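Structure first, commentary second.
Where a number appears in this text, it was derived from the coordinates with a stated rule and is not lab data. Nothing here was measured: the structure is a model prediction, and the numbers come from that model. With ideal geometry, Cβ positions are generated from the backbone for all residues, glycine too; neighbour counts draw on all protein chains shown.
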Amino acid sequence: MKKLADYMPEISMCVRCGTCRSTCPTLITLGRETASARGKLTLFDACISGEIELSDTFVKHISECLLCGACQQSCPNSIPVPEIIMAARAEIINDRGLPLITSAIMKGLRDPDGFVGKTLKLASFAQRVIFKDTSNTGGLQRRLPLPYITDERLVPPLAKRFFLDEIPLNPPFSKGEIKSPRVGFFAGCLINYVMPDIGLSSLKVLEKTGAAVIVPHGQTCCGMPAISMGDFEDARALALINLEVFEAHDLDFITTSCATCTDGLKNKFRKLLEDESPELKRRVDVFCSKVRDITDLLVNELKLPASMSDLKVSEDGAVVTYHDPCHLRRGLGIKDEPRELIETAGFRIKEMKHPCRCCGLGGSFSITNYDLSSEINMLKAEDIKGTGAEIAATACPGCMVQLRDGLHKIDARVEVKHIVELLADRMG
Amino acid sequence: MLSELVIRSLQVIAGSDNVLTSKEDRLCYAYDATNQIFLPDAVVFPSNAEDVSKVLKLANTERFYVTPRGAGTGLSGGSIPVSGGVVLSLERMRRILRIDTENLIAVVEPGVVNFELQMELGKAGLFFPPEPTSMRYCTIGGNIAECAGGPRSVKYGVTRDYVLGLEVVLPTGEIMEAGTQTVKGVTGYDLTRLMVGSEGTLGIVTKATLKLLPFPKAVNTILAIFNNDYMAGDAAAEIMNAGVNPSAVEFMDMTSVKCTRESERFDFQADSGALLLIELDGERESLERRAGAVSDICLRKGASDVRVVPSKKEVKDLWWLRRSILPSLVKIRPHKMVNDVVIPMSVVSEFLQEVREIERGKVIIIACFGHAGEGNIHVNILFDKNNAEEAGKAKEAVDDIINLTIRLGGTISGEHGIGMTKRVYAGMELHPVAVEVMKNIKEVLDPNGILNPGKVLTEAMSGKQ
């Protein structure tokens, strides 16, 4: 991975025109230049030239970014700001180290049967003691004081049984035996530990298309939480585990129902391992080229809409509004496929005003900067409410956690669903 | 440097969260779109006119400089704190106070982003005609301070034509109301117009009453491609005399077009030299006839291709292309000197020819684009300041272009302002008596010289010979 100073050519492409001010959700909320990409690039420049140090103020400003990529998209010179921010965060970690707990979790994730899974299982058991169920919102609120989690925050409950524990162990596909596309499903942490139903719906929908689907055992976190914190070392270790686990099966495609995981596996993975041996890089290329978001795979390869055409939009179909996850829209350029699938499932789409504005989750951002995250979330929740839709659909479990919290806060009765859930429900 | 006492007083005035003093924070308020850096000693975020007034009164007693700032997107350094002191950022004052659809006026705070106002007005079928190219992120306060223009000013005029009244905090801290809530009004001297375009040197706008217009019923966009600049310049002049009343006549040379990422979406021929992007608005029935007239003129002036842009998507792409030229020029050379000259329509073509001669003579790249329908051409000299020879030639080229502009009866700035970057040239254009009057006005309003120092006027300025 490139170091902060290696980005000097990109940083000096910033002419400080200010275009990024019009799209940055943290700037729109904070109303301060320090939140803008232009401001941060100025700080990086000063940091590289030694004019300022990795001070607390610097660290705070660098933490105030969702990595949503809106600035890069609007920038006339397409400066890869999120990538540069991650490099800066890596610099900060090198300087200050990771918080102990974070470091332990990241290392623990390397062993899928290790302490992280066991601890979460215990927590799944104990959560009703610590949290109260705010029924019909799909979330929990705390009963006792907890670090990082405020009174009003709606926290998604851990699943009673984790997704990967539900799925039988599959033997690898043998070469050439199966004609239909062989698809490996990557669950990711949120689907595994919190929303196994999305995983189950995904498998149901994939199988409906006639694909041969397996869920390789031993898979772990995609590494995105580590990458976005700038912890490239742990992310690299996780990437190598996933690489081996999926290579063991003879797959045509690797798919996930989490936009963040797709972006991680398809794009960040390659960057993480760009300094490795040619042999390993070749394996990574093969892996990355197989990774497809489930919405993209269902529409463009498995032709699901055609096979469900009898279920097309009915006049009385419920109204759905679609939130574009940053990692899908800007990370992978996918915008039409999710909408097509919503219509395939028989719903009418009513667009919100800013469908591709970030929900404000930004991974650990929502923990370290909860107030700001919440304020950005409010913009999204009001936008959704304004459509009058009964359902807010998206393609990322992370966004779903955030949307539920936001909609709960403004007391909007809008159900938050993953697109694969809409499809699976429709299939009955 | 500001004393501890001053910092504490500023904190009392604006609240301690609204006073920034760390170097990291100050760096983010040290620049604008001219891409130069001058560190302020503190950044203060007032929330109302009283805060602004108190800061200015303190500045007069404690003698520190104050530089007002909107979004920091100006192109002449107007919001850069050249001499340090306090940057007064109006980002927090971003409320739209009133939209009066019966009387077609809006009352806003200075930190409102132009585009956000347009969005709100759009709901009522109205718009605020000044739409500078940076409209998505620049503020109304900045538009007023610089008297911003933009593509549509060819038909609708500039910011000064749409500011009816102002609440301004004078450099000494008094809060003054000027102007009217009505479209006409001649009671007393026109202090509103004195303030509009004064580049934050005579007062800080804290509230503005703006004139609005109903949104045009229909719009037609025409793209014409020419082999060279002069033909395009000629065509622009003729379009302005043809009675078709265009709402934009934008000129772009191919150096400008090709550096934008949007240009990849269009297959411009290799021998294309310049584009005209022409917009007509008004009653739907009239559009076709007017578009036909525009096409005829372009073809007669030698356009190799003229077409009415068919889809909304393509129109949007063309405007994005136009709006992203200036920041994209960095792909050609790392630095630029942005000139914003206005030339009488009849000699625009001649001007463009002479600019190309300067370009060839100095062996330097010059990118030209702008609002050709008004003769407002942005002449950008591209160079690398780390290359002494090139930087020297760039400076000479700017001198030549300024001289040429004045010789042809033009003005050195149409809409970007004089700021810090063009002060040395302003004296070449201004009449000596006018310079004297300007200096007196500044002296009367700002006796201690605390507001936005180092802008517009220089001590040595005496006016043209």
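By the equivalent-ellipsoid construction on the alpha carbon gyration tensor, region B:96-214 comes out with semi-axes of 21, 16, 14 Å, ordered largest to smallest. The mean number of Cβ atoms from other chains found within 10 Å of a Cβ in peptide B:24-36 is 6, as a whole number. Residues whose amide H comes within less than 5 Å of that of B:Gly282, counting only those at least five positions distant or on another chain, are B:Lys217, B:Ala218 (H built at 1.01 Å from N in the peptide plane). For region B:167-283, dividing the convex hull volume of the Cα atoms by the residue count gives 198 Å³ per residue. Diffusion coefficient of the protein assembly as shown by Stokes-Einstein, Kirkwood radius over Cα pairs, 20 °C, 1.002 mPa s: 72 µm²/s. Here the relative contact order of chain A, from alpha carbon pairs under 8 Å that lie six or more residues apart, stands at 16 percent. Karplus-derived 3J(HN,Hα) values for region B:264-273, using 6.51 cos²θ - 1.76 cosθ + 1.60 with θ = phi - 60°, are 5, 7, 10, 9, 6, 5, 4, 8, 5, x Hz; glycine and proline are entered as x.
Only Lys, Arg, Asp and Glu carry charge here, each on its Cβ (+1 for the first two, -1 for the last two); on that basis region A:1-97 has a dipole of about 260 debye about its Cα centre. Simple point charges give the picture: +1 on the Cβ of Lys and Arg, -1 on the Cβ of Asp and Glu, and for the protein assembly as shown a dipole about the Cα centre of about 1040 debye. Radius of gyration over Kirkwood radius for region A:305-427, both on Cα atoms: the Rg/Rh ratio is 0.98.
Note on region B:218-407: Kirkwood hydrodynamic radius from all Cα pairs is 16.9 Å, rounded to one decimal. For region A:271-354, the residue among A:Cys288, A:Ser277, A:Ile342 whose Cα projects farthest onto the positive side of the dipole built from Cβ charges is A:Ser277.
Taken residue by residue and averaged, Cβ atoms of other chains lying within 10 Å of the Cβ of B:255-262 number 1. Note on chain B: dipole from Cβ charges, positive end direction compared against B:Leu326, B:Ser22, B:Met345; the farthest Cα belongs to B:Ser22.
Given the alpha-carbon gyration tensor of region B:4-89, what are the semi-axes of its equivalent ellipsoid in whole angstrom, ordered largest first, with each equal to the square root of 5 times an eigenvalue?
Its equivalent ellipsoid spans semi-axes of 21, 13, 12 Å.
Between A:Pro157, A:Pro355, A:Pro99, find the one with the highest GNM mean-square fluctuation for chain A; connect C-alpha pairs within less than 10 Å. Taking springs between Cα atoms under 10 Å, the residue moving most is A:Pro99. In the protein assembly as shown, a dipole from Cβ-located charges (positive for Lys and Arg, negative for Asp and Glu) runs towards its positive end, and of A:Met224, B:Asn440, B:Val379 it is A:Met224 whose Cα lies farthest in that direction. Mean per-residue shielding of peptide A:31-37 is 6, counting Cβ atoms of other chains within 10 Å of each Cβ.
Computed over chain A with a Gaussian network model linking Cα atoms closer than 10 Å, the most mobile of A:His249, A:His323, A:His418 is A:His249. For A:Gly346, nonlocal amide neighbours, meaning residues 5 or more places apart or on other chains whose placed amide H falls under 5 Å from its own, are A:Val313.
Shown in residue order for region B:299-308 are the 3J(HN,Hα) couplings computed by the Karplus curve 6.51 cos²θ - 1.76 cosθ + 1.60 at θ = phi - 60°: 5, 4, 8, x, 4, 7, 7, 9, 8, 6 Hz (x for Gly and Pro). Backbone geometry of region B:158-175 corresponds, through the Karplus equation with coefficients 6.51, -1.76 and 1.60 at θ = phi - 60°, to 3J(HN,Hα) couplings of 10, 3, 4, 7, 10, 10, 8, x, 9, 9, 10, 8, 6, x, 8, x, 5, 9 Hz, x marking Gly and Pro.
Order A:279-288, B:19-28, A:33-42 from most to least packed using the mean count of other Cβ atoms within 10 Å.
Ranking the peptides A:279-288, B:19-28, A:33-42 by packing returns A:33-42, B:19-28, A:279-288.
Based on alpha-carbon atoms, the Kirkwood radius and the radius of gyration of region A:344-415 give Rg/Rh equal to 0.96. In plain terms, the bigger the Kirkwood radius, the slower the diffusion; for region B:109-153, with that radius from Cα pairs, at 4 °C and 1.567 mPa s, Stokes-Einstein puts D at 125 µm²/s. Let me make sure I get this right: for chain A, a, b and c are the square roots of the gyration tensor eigenvalues over alpha carbons, sorted descending. Under 1.5 in a/c it's rounded, otherwise prolate if a/b > b/c, else oblate. Which is it? Verdict is rounded for chain A. Entry note, region B:218-407: relative contact order of 29 percent, from Cα contacts under 8 Å with a spacing of 6+ residues.
Pairs spanning more than 29 Å between alpha-carbon atoms, out of B:Lys155/B:Lys301; A:Lys268/B:Lys313; A:Lys290/A:Lys335; A:Lys60/B:Lys57: A:Lys268/B:Lys313; A:Lys60/B:Lys57. The convex hull around the C-alpha trace of chain B, projected and averaged over every direction, spans 22.2 square nanometres. Each of B:His335, B:His416, A:His408 was scored by other Cβ atoms within 10 Å of its Cβ. Arranged with the fewest first, they read B:His335, A:His408, B:His416. Overall, chain A carries a charge dipole of about 380 debye about its Cα centre when +1 sits on the Cβ of Lys and Arg and -1 on the Cβ of Asp and Glu, all other atoms neutral.
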